[in-house]
Structure formats: C-alpha cells, structure tokens
1. Please give, to one decimal in nm, the separation of the simple spin-label points placed at residue 66 and residue 208, each 7 Å out from Cα toward the Cβ.
2. About its Cα centre, how strong a charge dipole does region 1-44 have in debye, to the nearest 20, once Lys and Arg get +1 and Asp and Glu get -1 at the Cβ?
3. Carbon-plus-sulfur fraction of the accessible area of the chain, 1.4 Å probe, in percent?
4. Can you give the local net charge around residue 87? Use residues other than it whose beta-carbon is closer than 12 angstrom to its beta-carbon, Lys and Arg +1, Asp and Glu -1.
5. At 1.4 Å probe size, what's the solvent-accessible area of residue 111? Round to the nearest 10 Å².
6. Among 97, 13, 119, pick out the residue whose Cα is farthest towards the positive end of the charge dipole of region 1-157, where Lys and Arg carry +1 and Asp and Glu carry -1 on C-beta, about the Cα centre.
7. Give the relative contact order (percent, whole number) for the chain; include only Cα pairs under 8 Å separated by 6+ residues.
8. Sort out for me the Cα centre separation of region 172-199 from region 201-253, rounded to whole Å.
Amino acid sequence: MVNLKLSKDLPIGFMDSGLGGLSVLRQAVRLMPNEDFIYYGDSANAPYGTKPAEVIRTLTFSVVEMLLERGIKGLVVACNTATSAAVRPLREKYPDLPIVGIEPAVKPAAIQNHGGRVIVMATPMTIRQPKFHHLIDKYKNMAEIIPVECKGLMEYVEHGELYGADLNEYFDEHLAPYLTEDTETIVLGCTHYPFLIPQLKEYLNNDNIRLIDGSYGTSMELMRQLKEKDLLKDGTEKGHVIIENSLPDSKMVELSYRLLRG
Ligand code: DGL
C-alpha cells in the first residue's frame, strides 16, 4: 500500500500493457496541454490480453504502485484488458485516487447506431470477462453486437508495423468473416487499435462503416474527476510528457514518442 499525497503539481499517470495507451494519452494531452504526464508501457509483459485475469491484476498493480511511489495525482488505466481485470480492486485499495479506466465504446456505438451491425474488436481476455458480458447485455436490444477476439493484433503496433499486406492478411482472416452488408460500426476495444485506423480504413474501403474508440470519453472523464477534486494544474504553460517502458530497448520509447506525435 502506497501512501497518497495528491497535489495539483504532480503529473497524471498512464499505464498500458505496451504502446496502446498512447492513443488515449494523445487525447488527454490535447484536452489538457498544460498538465504533466507520465506514461508507462509494460511491453516486456505484453500482451496482457491472452493472460489469465489474476496475472494481469498482479502486473497492473505493480506498474500502478511504481507510478504511485513516484507521485501522481490521478491514474488512467489506458488498457481495456487491464481495466476489466484490475480497475475495481485498484479503486478499493486507493479510494481517494482519481482512477479512470477504459472499456470498449459499446454504449456510444449502440446509441448512434441505425439498425446495422456493431462489431467489437478486442483482446480475448476483454471479451471473455463478465464485465464485457454485462456491457453487451445492456445494449443488445439497441443493436446486433458481434464481439471479435483479435489475438495477435496488438503486436503489430508494438512492432511499429502500422501499414502493409500482413495487416490486410490479418483482417482477411480475423475480421472479414464478420463483415456484413449492414455493418455500420466497428468499436476498437483495445487501445492499440486506433493506431491501425488508416490501414483498416483502406482495407474496409467503405465510408459508411464508422470506427469508434473510447479515448475521448476517457480523457473527458479524467478531466472531470481532476476538476471535481480541484487537482487541475493552474496556469497555461505547456506541460511535459515522460514516457517509460519496461523493455530496456530505447527503440520502444522512441516509437512511443512517434506514435504520440502522430
Ligand atoms: N492495449 C490493451 C487493451 O486496451 C491490450 C493489449 C494487450 O496487452 O493484449 O486492451
């Protein structure tokens, strides 16, 4: 248990199993450019999405407690998989810390849908968790929701492979079988996937299919929680972003800054 001392001048902590959470961080930086952020990618232990829930919980707690030791005023679990496995026990252990998790954006997808199919791409672990089944149950009357387990897809982002024929082959094998004439929305239910949007759009070649993810909603919720606790930084001076990774290879950090800049 880490003793918390929350103050406005501390950075906001972000964690993910690797580089995916940067898709959430870039939204948060746009919304709160004067804040400082520290991002930790646990690429040495990636993927989380094919591991048992207890293992993911232990990995998540160890990253979060390292960030808390260093001093953060709020936490974003910028990983759908880690959120479903660990966000509840994290909130129980640290009730005073603003903690924001991310879940597949099924709610906005169902609400904005006009009767077509909603495909949810996510890791096997996210899709098999009870939290996800509850989410589907809640909105199943509003849309036909089809979960698609995307084992192996996050690895493309971890390797910086955002374009190319191999990705198209992956989509052929794992996504194409679920695409129908009436597919209206694809929910990107893993924070790595938004980095694949340009290739996915080219693959789909269909402007009628909307791609959505939870990064904006998550960043708005972060801002709301910090504001409520009077933890937003004063002033307008541009903040700093520190990125660290559990892989000793400095290329991961370089790739991270590249993904963040877009
Ligand atoms: N970025 C993570 C997510 O949002 C998962 C990737 C993984 O570690 O499998 O679910």
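The values are calculated or read from the model by the stated rules, or taken from the named source; none is laboratory data. Computed from a predicted model, the values in this text were never measured in an experiment. FYI the Cβ positions are ideal-geometry reconstructions off the backbone, even for glycines, and counts take in every protein chain you see. Keep in mind that these areas ignore ligands, DNA and RNA; they rest on the heavy atoms of the full protein, side chains included. Shrake-Rupley method; radii C 1.70, N 1.55, O 1.52, S 1.80 Å.
1. Spacing of the two 7 Å Cα→Cβ label points: 4.8 nm.
2. With only Lys, Arg, Asp and Glu charged at Cβ, the dipole is about 120 debye.
3. 50
4. Numbers: positive: 57, 88, 91, 93, 131; negative: 92, 103.
Within the 12 Å Cβ shell, the charges total +3.
5. 100
6. 119
7. Worked out over the chain, it gives 30 percent.
8. Here the two parts' Cα centres lie 20 Å apart.
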